[in-house]
Structures are given as C-alpha cells and as structure tokens.
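Notes to accompany the following structure.
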Amino acid sequence: MNRDYVLIIIEWIVTIGLLIRFIPRNKIREAHVIFLFKGLLTWILSLTVSEFKLNEYPVRFFPYANKTSFTFEFFVYPAICAIFNINFPEKKNSFGRFMYYFYYCTTMTILELITEKYTNILKYIHWTWYITWITLFITFFISRTYYKWFFRLKNNDK
C-alpha cells in the first residue's frame, strides 16, 4: 500500500478519535448539524477550487467521483469544525474568542503545509498558505454564525 494512502487512513483514525474525545454525548446532535453544514460549504468551495485548478489531490479516495479530497473536504474538515463549535469558548472576551479561531486556523494550515510539502495527497498550483488560512477563518466564522442561529444561541450566553 502506498505511503500516502496509509497517511489518509491515519487521518481517518485520528479524526474519529478526536470526535470521540471532544464531542460529549449530549452534544452529538449539535455536532451532527454543524458537520453537515460544513460539508455543504466544503463541497461547494472544494469543487470550485479543484475545477479552477487552484490545487490538486493526486492521491485520494474516489478519484473518478470528483477531483477533491474526500477525506479532508468531507470528513476531516467538517469533523474539526464540529469540534470547534461544540467547544467554542463563548464566555471568553473578544480577544480570547479570536485567538480560538486563530489557533484552529493556524494549526490546520500548518498541517496542510506539511501535507503539501511531504506527500502527494495535496499539491498547490495557484494557491498559498495564507489563502488556506483566510478561507478556514471565513468558513469557521460562517459555521459558527449558522450554529448560533440554528440553536438560537445569544452572545456570551450558552
């Protein structure tokens, strides 16, 4: 088995472990809603990015189905977003909440850069790390806004 496929399988296992560890049983319904919403966002955005050849995924599951990474766009990223929303520090001040966004976006960007540099899972064509960071921030913000709206949450009230 190719080393890249082994890494993809490890991503699945680690993500499942993170979901089990960081999503409490009483929040599974909320996590499911945000997972599906993020899947919708990433479906639209990732297909657009792939069709315009801004990046490519040479090694991926379902290569004949679409040009995006099923693992990242439809499982890992929505799962991380669900964890992000369920554990969001709503009672922190604005700076603390911004830093929460910053840490998640930066960590995911660094992991993507490592993946791009050392594997064949992802290759940037007309894409850079800061575009990744900005799109992560925007989509996390949109998903957080949707989550608050869907579950009728008020600011600093959870």
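The values are calculated or read from the model by the stated rules, or taken from the named source; none is laboratory data. Quantities reported herein were computed from a predicted structural model and do not represent experimental measurements. Note: ideal-geometry Cβ built from the backbone for every residue, glycine included; neighbour counts use all protein chains shown. For accessibility, only protein heavy atoms count, side chains too; no ligands or nucleic acids. Shrake-Rupley method; radii C 1.70, N 1.55, O 1.52, S 1.80 Å.
Angle check, please: helix 129-150 long axis (alpha carbons) against the longest principal axis of the chain (alpha carbons), in degrees 0 to 90, nearest 10.
40
So what is log10(I(q)/I(0)) for the stretch 1-57 at q = 0.15, 0.21 1/Å, when the Debye sum runs over its Cα atoms only?
Result of the Debye calculation: -0.68, -0.97.
With the Cα gyration tensor of the stretch 24-82 giving a ≥ b ≥ c as the square roots of its eigenvalues, does the rule (a/c under 1.5 for rounded; else a/b larger than b/c for prolate; else oblate) give rounded, prolate or oblate?
Prolate, because a/c is 1.5 or more and a/b exceeds b/c.
Rank 62, 84, 74 by accessible area, highest first, at a 1.4 Å probe radius?
62, 74, 84
What is the set of long-range amide H partners of residue 55 at a cut-off below 5 Å, with H atoms built 1.01 Å from backbone N?
125, 126
Take the chain, connect every pair of alpha-carbon atoms lying under 10 Å apart with a spring to form a Gaussian network, then pick out the residue of 23, 125, 142 with the largest mean-square fluctuation.
125
For the pairs 67/148; 91/117; 67/117; 27/92; 38/117; 38/123, note any where the Cα-Cα span goes beyond 30 Å.
From the list (67/148; 91/117; 67/117; 27/92; 38/117; 38/123), the Cα-Cα distance tops 30 Å for 67/148; 91/117.
Residue 56: accessible area at probe 1.4 Å, nearest 10 Å²?
Approximately 90 Å² for this residue.
Given points 7 Å out from each Cα along the Cα-Cβ axis, report the residue 126 to residue 26 separation in nanometres with one decimal.
5.0
To the nearest 10 Å², what's residue 32's accessible area with a 1.4 Å probe?
110
On the accessible surface of the chain, probed at 1.4 Å, how many percent belong to carbon and sulfur atoms?
Taking all protein chains in place, the chain shows 69 percent carbon and sulfur surface.
Sorted by accessible area (1.4 Å probe), largest first, how do 144, 3 line up?
These residues rank, largest area first, as 3, 144.
In degrees between 0 and 90, to the nearest 10, how far off the longest principal axis of the chain does helix 77-86 point, with axes built from Cα atoms?
10
Percent of Cα-Cα pairs per 10 Å bin, from 0 to the last occupied bin, for the stretch 64-112, please list those.
Going out from 0 Å in 10 Å bins, the stretch 64-112 shows 22, 45, 23, 8, 2 percent.
Kindly express, to the nearest 10 degrees and within the range 0 to 90, the angle between helix 28-51's C-alpha long axis and the longest C-alpha principal axis of the chain.
40
Take residue 65 and residue 103, extend 7 Å from each Cα along the Cα→Cβ direction, and tell me the distance between the two endpoints in nm.
Label-label distance for residue 65 and residue 103, simple model: 3.3 nm.
Between the alpha-carbon centers of the stretch 81-158 and the stretch 1-59, tell me the distance in whole angstrom.
Cα centroid to Cα centroid, the span is 13 Å.
Can you tell me, using C-alpha contacts under 8 Å and at least 6 residues apart, the relative contact order of the chain as a whole percent?
The value is 29 percent.
So what's the back-of-envelope 222 nm ellipticity for the chain, counting only DSSP H runs of four-plus at -39500 (n - 2.57) apiece and dividing by all residues, rounded to 500?
So the helix-based figure for the chain works out to -22000 deg cm²/dmol.
Return an integer: the convex hull volume of the alpha-carbon atoms of the chain, in Å³ per residue.
So the per-residue hull volume is 110 Å³.
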